[in-house]
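The values are calculated or read from the model by the stated rules, or taken from the named source; none is laboratory data. Predicted model, so just to flag it, every value in this text is computed and none were measured. So basically every Cβ, Gly included, is an ideal-geometry build from the backbone, and we count neighbours across all protein chains shown. All accessible areas refer to the heavy atoms of the entire protein, side chains included, with ligands and DNA or RNA removed. Shrake-Rupley method; radii C 1.70, N 1.55, O 1.52, S 1.80 Å.
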Amino acid sequence: MSPREGESGVVLVNVLVVLAIAGGLMLLLVNSQDVALDRVSRSADAAIVEQIAMGAEASVIDALRRDLDDAPDADHLNEPWAQSVIQDEVALPTGKFSVRITDQQAMFNINQLAAVTAGTQDFARRLMIALDQPPEIAAQIGRVLGAVGQVQDIQALTRFGIPQEAIDAMSPYVTALPVDGTINLNSVDPFLLAIMVQNTSHAQQLVRIRERQGSLSRAALRNAGILRPQNSGFTSNVYRIYILAEAGRARIRMQTLVVRRNDLGVKAVDILERRFEHDHPDPDPET
């Protein structure tokens with residue numbers, strides 16, 4: 001092979017190497033652009049779901065505030081304010097969306113045992129018996145709360161020796177609220193209602209009236225010949241809002257705990273807690 005032929009071979013190899021490098025750089029640029037566009041798209045989806053969730057939360061808060069003016073004497077989820085904002089899961093052009101509200105005063109506020117009274121102590125004891133738990137746990141919780149004050153969650157009681165089994169049994173019917181308040185007869189669970197009235201047939205009668213009329217009232221109890229149980233009422237001021245919003249590949253679940261107040265004529269809804277759970281899957285974690 002002549003020197004010129006050898007040089008031609010080297011030049012060809014160099015050209016091929018340059019073309020390969022150029023092709024690789026072009027592919028890298030295209031891929032980088034695709035990754036950047038994908039990130040922008042996912043960020044946009046995340047921003048959209050946050051706006052949807054925050055907007056839904058604001059709608060619920062506004063409805064709760066207006067209800068203080070429109071119907072201050074009774075609270076239940078059949079009221080117009082609730083029906084206007086509660087939304088079963090539905091498909092929107094952006095994705096899925098739902099709004100759910102739970103009345104936190106449908107349960108017994110364990111923090112009431114921080115200031116022990118004969119009535120609350122007796123009720124807590126009867127509740128433990130109904131839950132097949134040792135009745136002395138009620139007194140134990142009272143001593144704990146009397147010493148440490150209110151708790152933010154009933155799970156915190158396990159740190160002070162309250163058995164987890166008892167906490168699990170109480171969970172469907174007991175909560176820890178940051179404000180005082182009675183159990184709302186319009187939303188209380190039938191099991192808890194029976195413990196409150198100490199009469200199963202009366203509890204069943206009240207449930208039937210509530211289902212038929214949509215709510216209970218002092219007049220309804222009076223007409224049924226049933227005394228209003230201790231630590232009960234017909235209103236609520238503590239609610240938890242659950243919001244689901246989806247857009248594209250982004251999803252957000254938001255929980256908000258709100259408290260209404262009507263202090264010296266100042267009516268407001270305060271946010272006590274807000275939790276976010278984001279879900280925006282990344283097809284390539286390394287990017």
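Things worth noting here:
- Between segment 46-60 and segment 144-164, the Cα center-to-center distance that results, in Å: 34 Å
- With every protein chain in place, segment 128-287: carbon and sulfur % of accessible area (1.4 Å): 46 percent
- Additional length obtainable on full extension of the chain from D69 to D270, 0.36 nm per residue less Cα span: 70.7 nm
- Segment 185-287: GluC sites (Glu not before Pro) in DSSP coil with no more than 14 other Cβ atoms inside 10 Å: E286
- Heavy-atom accessible area per residue - segment 111-170, 1.4 Å, Å²: 50 Å²
- Full-stretch length increase - D122, Q230 - with 0.36 nm per residue and alpha-carbon distance subtracted: 37.8 nm
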